[in-house]
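The values are calculated or read from the model by the stated rules, or taken from the named source; none is laboratory data. If you're wondering where the values come from, they're calculated on a predicted model, not measured in any experiment. Cβ placement follows ideal geometry from the backbone for every residue including glycine, while neighbour counts extend to all protein chains displayed.
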């Protein structure tokens with residue numbers, strides 16, 4: 001019974017996004033730690049675009065998005081939830097050109113702004129998760 005209450009697609013997607021944000025924090029920290037390592041190429045985490053493709057695959061095919069015009073219509077997301085829950089973040093190398101003579105392409109300013117952005121993103125996800133559990137607690141106690 002408890003598993004059915006907590007195994008909600010929204011919670012699963014939020015959990016996956018929070019894990020991806022945690023991994024992004026590690027990737028950015030690794031980039032910052034290697035700012036002076038010769039020939040080090042920065043890495044970046046790709047997740048949000050993969051999640052969007054899993055949640056809304058029809059938008060990418062036709063260029064048009066489908067919209068629900070009535071709340072009683074069948075949700076388009078029902079068939080895509082399993083795809084969204086199976087999305088996992090990818091770490092890829094950024095082999096863009098470097099401005100430095102040692103071959104390193106890490107820019108500390110960009111990495112620090114990415115760190116701040118990721119912190120805000122993680123906090124928003126945590127707030128959303130907390131709101132979901134607060135609503136669930138409210139339903140159970142009332």
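Listing for the model above:
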| item | result |
| --- | --- |
| Unmet requirement for residue 8, which otherwise passes all of (1) touching a helix residue (DSSP H, G or I) at 6+ places or on another chain (Cβ under 9 Å); (2) at pLDDT 85 or above | (2) |
| Selected residue (only one of 72, 60, 53 is over 30 Å from residue 30 (Cα atoms) and either assigned to a helix (DSSP H, G or I) or at pLDDT below 60 (or both)) | 60 |
| Given (1) touching a helix residue (DSSP H, G or I) at 6+ places or on another chain (Cβ under 9 Å); (2) modelled with pLDDT of 90 or more; (3) part of a loop (DSSP other than H, G, I, E, B), index of the condition residue 104 fails | (1) |
